[in-house]
Amino acid sequence: MKVIDILRRAEAEGKTRFAFELLPPLKGENIGAIFEVIDALAPYDPAYINITHHREEVKYVPRSGGGLERRVVRKRPGTVGISAAIMARYGIEAVPHLICGGASRFELEDALIEMEFLGIENVLALRGDCMKGENAFQAHSDGYSHAAELVRHIENMNRGKFEDAAIENCTPTHFCVGVAGYPEKHFEAPNRAADIARLREKVDAGAQYVVTQLFYDNARYFEYVDDCRAAGITVPIVPGLKPFSTKRQLSLLPQIFHVDLPDALVKAVEACKTNEDVRKVGVEWAVDQALALKKAGVPAIHFYTMGRSDNVTKILSKL
Ligand code: FAD
């Protein structure tokens, strides 16, 4: 089933569904770890499960004869395979993320063809961040600079038009495409209005729904939805929540995700003696956020689980 149909049905029934974002295991680990997380989340009737996509990294490995060998490695491969495994094992829709970074348009097309063959109908289309060691995003020489171009590509495939022009009689694909949105602005955008105009381009290119970056102040989300509606964006905007879990996140989350932390949350976390206490604060904060979002009638809440189910299940048990 397509995510847009799940969201529209939830809207029609006045329900709020829960969606979970999981990371592929680190290379070398077993897929069982991800199944354990899903086993714990399954009683909460997941609407769908997102699987993140991780860019390649460059590693320098000592050579036996001296010197260093440059290796391009992926720490968390397997996004598409894990998505298919989840759908087969649980019958839950999976949404693999697909990023432009590091891939040519033909490689992106091949990944989409693989998804189509595996019966995957949903994809979250993203640009991705720069590679470690780079200070700005560099598109692949035969790839895309912005997510809107990838959305356009997928929409063309849905119409039976593939990038590889040598192929005649292409069978149309059937993807429902989601994209990312930033209630507190994407860090590279000159201002919020410009960022929302770029989001509109992704929607005009064919994106059927938006998932937001994490935020800790619901007012930011509600303002964002109002501004998106004023800019003519009518598709569902699914809020993203990540439960606070360590004291270190006071500096890490603003640094990595470019979000503001409300004063009350900062004070509550600073007053904690242990990370166990921080996790309790994080759960309570997320419960308050989720209850207010439910009351406002959002069709789904996207939980960034970071591969852990314990704090998310504590939140869900209170919703
Ligand atoms: P875009 O929509 O391309 O926007 C990037 C920037 O370019 C913005 O500042 C935008 O305003 C600007 N822009 C857009 N179009 C144009 C244009 N034509 N001209 C000039 N500027 C333009 N990253 C991963 O690596 N893997 C993941 O699995 C992953 N999952 C994510 C899931 C969610 C829900 C979210 C919110 C983010 C996720 N990310 C992931 C992070 C994401 O890749 C980064 O935030 C990235 O920096 C931007 O991606 P985007 O798709 O929003 O890019």
(request) Determine by what factor the alpha-carbon radius of gyration of the stretch 162-319 differs from 2.2 N^0.38 Å, reporting the quotient. (result) 1.21
(request) In whole Hz, with x marking every Gly and Pro, tabulate ³J(HN,Hα) for the stretch 23-34 from phi via Karplus 6.51 cos²θ - 1.76 cosθ + 1.60, θ = phi - 60°. (result) 9, x, x, 4, 3, x, 7, 8, 5, x, 4, 6
(message) Based on alpha-carbon centroids, what's the gap between the stretch 1-70 and the stretch 149-180 in Å, whole number please?
(response) 23 Å
(request) With a Förster radius of 51 Å, plug the Cβ-Cβ distance of ALA292 and LYS27 into 1/(1 + (r/R0)^6) and report the FRET value to the nearest 0.05. (result) 0.85
(request) Identify which of ILE92, ILE113, ILE256 has the largest mean-square fluctuation in a Gaussian network model of the chain, with springs joining Cα atoms closer than 10 Å. (result) ILE256
(request) In whole Hz, with x marking every Gly and Pro, tabulate ³J(HN,Hα) for the stretch 36-53 from phi via Karplus 6.51 cos²θ - 1.76 cosθ + 1.60, θ = phi - 60°. (result) 4, 5, 5, 4, 6, 8, 3, x, 9, 6, x, 5, 5, 10, 8, 10, 6, 10
(request) Show the residues, 5+ positions off or on another chain, whose built amide H is closer than 5 Å to the amide H of LEU22. (result) ASN50, ILE51, THR52
(request) Among the aspartates and glutamates, select those whose C-alpha is under 14 Å from the C-alpha of LYS161, and discard any that sit fewer than 8 residues away in the same chain. (result) GLU109, ASP110
(message) I'd like the distance separating the alpha-carbon centroids of the stretch 105-136 and the stretch 233-304, in whole Å.
(response) 28 Å
(request) Starting from one equal scatterer on each C-alpha and no solvent at all, send me the Debye-based log10 I(q)/I(0) for the chain at q = 0.15, 0.16 Å⁻¹, two decimals. (result) -1.36, -1.54
(request) Could you work out how far apart the two model spin labels at LEU319 and ARG71 are, taking each label as a point 7 Å from the Cα in the direction of the beta carbon, and quote it in nm? (result) 4.0 nm
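So if each residue of separation counts as 0.36 nm, and I subtract the Cα-Cα distance between LEU252 and ALA88, what length gain in nm does that give?
Working: separation 164, 0.36 × 164 = 59.04 nm, distance 3.60 nm.
Between LEU252 and ALA88, full extension yields 55.4 nm more.
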(request) Just the number, please: percent antiparallel of the DSSP beta bridges in the stretch 1-100, rounded to the nearest 5. (result) 45 percent
(request) At a Cα cut-off below 28 Å, give the lysines reachable from LYS75, other chains included and same-chain residues fewer than 8 away excluded. (result) LYS27, LYS59, LYS132, LYS242, LYS247
(request) Over all alpha-carbon pairs in the stretch 24-84, figure out the percentage whose distance exceeds 16 Å. (result) 58 percent
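Name the chymotrypsin sites (Phe, Trp or Tyr not before Pro) in the stretch 68-153 that are in a loop by DSSP and that have at most 15 other C-beta atoms within 10 Å, would you? Write out the running numbers ahead of the final one.
Working: sites: TYR90, PHE106, PHE117, PHE137, TYR144; in loops: PHE137, TYR144.
Here the chymotrypsin sites (Phe, Trp or Tyr not before Pro) that fit, given the DSSP loop and packing criteria, are PHE137.
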(request) Return the aspartates and glutamates within reach of LYS273: Cα separation strictly under 19 angstrom, same-chain partners fewer than 8 residues apart disregarded; answer none if there are no such residues. (result) ASP263, GLU284
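Using r as the Cβ-Cβ distance of LYS267 and HIS186, and R0 as 25 Å, what FRET efficiency do you calculate, to the nearest 0.05?
On the way: r = 28 Å, r/R0 = 1.12.
Here the calculated transfer efficiency is 0.35.
Per the helix-only calculation at 222 nm, which mean residue ellipticity applies to the chain, given -39500 (n - 2.57) for every DSSP H run of n ≥ 4 and division by its residues, nearest 500 deg cm²/dmol? If you can, show how the numbers build up before the last one.
Details: 11 runs with 131 residues, N = 319.
Value at 222 nm, helices only, nearest 500: -12500 deg cm²/dmol.
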(message) Between ALA207, ALA300, ALA88, where does the largest GNM mean-square fluctuation fall for the chain, given springs only between Cα atoms within less than 10 Å?
(response) ALA88
(request) Express in nm, to one decimal, how much length is gained between PHE222 and ARG9 on full extension, taking 0.36 nm for each residue of separation and deducting their alpha carbon distance. (result) 74.5 nm
(request) Calculate one ³J(HN,Hα) per residue across the stretch 195-201 by plugging θ = phi - 60° into the Karplus curve 6.51 cos²θ - 1.76 cosθ + 1.60, and present them in order as whole Hz with x for glycine and proline. (result) 5, 5, 5, 5, 5, 4, 4
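Every number in this text was worked out from the coordinates using simple rules, so none of it is lab data. Please read all numbers here as calculations on a predicted model, not as lab measurements. A quick note on method: Cβ atoms are made from the backbone with ideal geometry, for glycine too, and the neighbour counts reach across all protein chains shown.
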